[in-house]
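**Q** First, the structure itself, so that you have it in front of you.
The values are calculated or read from the model by the stated rules, or taken from the named source; none is laboratory data. Please read these numbers as outputs of a predicted model, since none were measured by experiment. A quick note on method: Cβ atoms are made from the backbone with ideal geometry, for glycine too, and the neighbour counts reach across all protein chains shown.
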Amino acid sequence: MRYFTFFAIAIVTLMTPMTAKAYLGGFEPIDGYEDFLNDVATYNAGQYGVNAGGGTYVNIPDNTGLWTKLQGPLFPTPGTAGGVSYATGHFGRDRTNPSSSDLGLVITTNADGWAGGAQEYSYMLDNFDLGGVSPASTGGDVVQVSFWSCARIFGTGEGGGLGAGTIGDTVSFYDSSGNLGLEVGYRQPGTTTDFAATNVGSWIQSTVSVNPSTYHRWDVTLDLNLQTVSIDVFEAGTLTSLVSSAPLISPMSNLTELRFESTAGVNNAKIWSLDDFEMSVRAIPEPSTALLVMLGSVGGLLLRRPRQ
């Protein structure tokens with residue numbers, strides 16, 4: 001019985017997740033984020049501060065840090081109609097302290113009308129996001145990502161709005177080769193209610209309506225060994241499973257990048273806020289590795305002399 005217990009402990013140890021409060025992040029200064037109108041693609045966002053390696057704020061050449069603007073003008077460059085867009089740490093948008101100076105990440109669209117383009121940012125994960133694990137080495141592991149989102153897509157019944165079926169405010173998961181594994185976001189069917197939606201081959205609208213004035217949580221379990229994903233959403237105190245062990249859109253060799261794409265629209269008419277990312281990595285040992293651990297444990301136990 002003692003031998004069995006020892007083996008069980010050894011296997012559990014091998015499969016214990018390494019967890020971190022991602023410094024993608026809580027978006028506070030200790031996570032390496034500045035406040036309002038400091039666009040994340042213009043300084044070393046997520047790369048300084050107590051929780052992100054130390055150091056101080058540095059103004060860097062645009063799009064040379066962890067954050068890159070992929071689509072839309074980079075603040076303070078205006079759009080064609082003169083408005084600006086940005087992704088920034090924003091006062092009053094913190095999930096747990098919304099009336100304080102604590103920060104959430106806000107991504108806005110530009111002021112080019114309802115036909116104005118969406119804004120898209122890329123964030124490259126680093127070791128601090130994964131508790132010391134290199135994102136490039138996550139192939140074959142189980143990666144869990146949880147984050148909170150407060151999103152809104154204006155429908156045609158809301159002062160102009162976007163057409164029925166609009167997908168927006170999406171978070172996409174990529175590997176180091178640019179393969180897209182999955183996406184989560186929202187669908188506006190043309191009324192005044194947005195619904196959580198997922199994409200693991202095509203966009204599917206769920207039955208979960210989201211409150212545009214409050215945060216809700218996305219939970220993603222990405223199995224890079226089985227090449228599957230499970231996705232839950234926590235809204236209004238209820239956790240709902242949207243996808244369970246579904247095949248990925250494309251096989252992923254690891255998880256190294258997240259992309260954030262807003263909807264199109266008018267200036268701050270649709271403020272999309274994100275906060276409190278948490279990630280963990282659970283290594284799945286190869287059968288040969290697990291066997292070697294067990295055999296080594298057996299050998300060690302058998303060689304031990306009984307006490308006299």
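**Q** State all residues of the range 87-114 that are β-branched (Val, Ile, Thr) and more than 19 Å from residue 38 (Cα to Cα); if no residue qualifies, say none.
**A** Correct list: 96 only.
**Q** Tell me, please, whether a residue that is in contact with a His (Cβ under 6 Å, 6 or more places away or on another chain) and in contact (Cβ under 8 Å) with a residue 12 or more places away in the chain can be found in the range 105-117.
**A** yes
**Q** Here's something else I'd like to know. Please name all residue pairs, on different chains or six or more residues apart, with Cβ atoms under 9 Å, provided the first residue is in the range 224-251 and is under 25 Å from residue 211 (Cβ atoms) and the second residue is surrounded by fewer than 13 Cβ atoms within 10 Å (Cβ to Cβ) and among the β-branched types (Val, Ile, Thr).
**A** As it stands, the answer is 235/214; 236/214; 240/207, since those pairs meet every condition given.
**Q** Take residue 155 and tell me if it is more than 21 Å from the chain's Cα centre (by Cα), free of Cβ contacts under 8 Å to residues at least 40 places away in the same chain and within 30 Å of residue 84 (Cβ to Cβ).
**A** yes
**Q** Continuing with this model, one more query. Can you list the strands (runs of 3 or more DSSP E) found entirely within the range 170-239 that contain at least 2 residues being under 17 Å from the mean Cα position of the chain (by Cα) and within 18 Å of residue 271 (Cα to Cα)?
**A** 180-188, 216-223
**Q** Here's a follow-up. Tally the residues that are acidic (Asp, Glu) and farther than 25 Å from residue 134 by Cα, restricting the search to the range 235-260.
**A** 1
**Q** Please go through (1) among the polar types (S, T, N, Q); (2) out of contact with any Gly (no Cβ under 7 Å at 6 or more places or on another chain); (3) surrounded by fewer than 22 Cβ atoms within 10 Å (Cβ to Cβ); (4) touching a residue at least 12 places away in the same chain (Cβ under 8 Å) for residue 71 and return the number of the only condition it doesn't satisfy.
**A** (2)
**Q** Looking only at the range 211-221, decide whether some residue is touching a Phe, Trp or Tyr at 6+ places or on another chain (Cβ under 8 Å), among the aromatic types (Phe, Trp, Tyr) and closer than 29 Å to residue 140 by Cβ.
**A** Among the residues of the range 211-221, at least one is touching a Phe, Trp or Tyr at 6+ places or on another chain (Cβ under 8 Å), among the aromatic types (Phe, Trp, Tyr) and closer than 29 Å to residue 140 by Cβ, which makes the answer yes.
**Q** While we're looking at this one, here's another question. Inside the range 133-153, can you point out the residues that are at pLDDT 95 or above and either within 30 Å of residue 195 (Cα to Cα) or of a type in the set (Ser, Thr, Tyr) (or both)?
**A** 134, 137, 138, 142, 143, 144, 145, 146, 147, 148, 149, 150
**Q** Only one residue in 91, 27 is at pLDDT below 95, within 21 Å of residue 151 (Cα to Cα) and either hydrophobic (A, V, I, L, M, F, W, C) or surrounded by fewer than 19 Cβ atoms within 10 Å (Cβ to Cβ) (or both). Which one?
**A** Selected residue: 91, the only one of 91, 27 that is at pLDDT below 95, within 21 Å of residue 151 (Cα to Cα) and either hydrophobic (A, V, I, L, M, F, W, C) or surrounded by fewer than 19 Cβ atoms within 10 Å (Cβ to Cβ) (or both).
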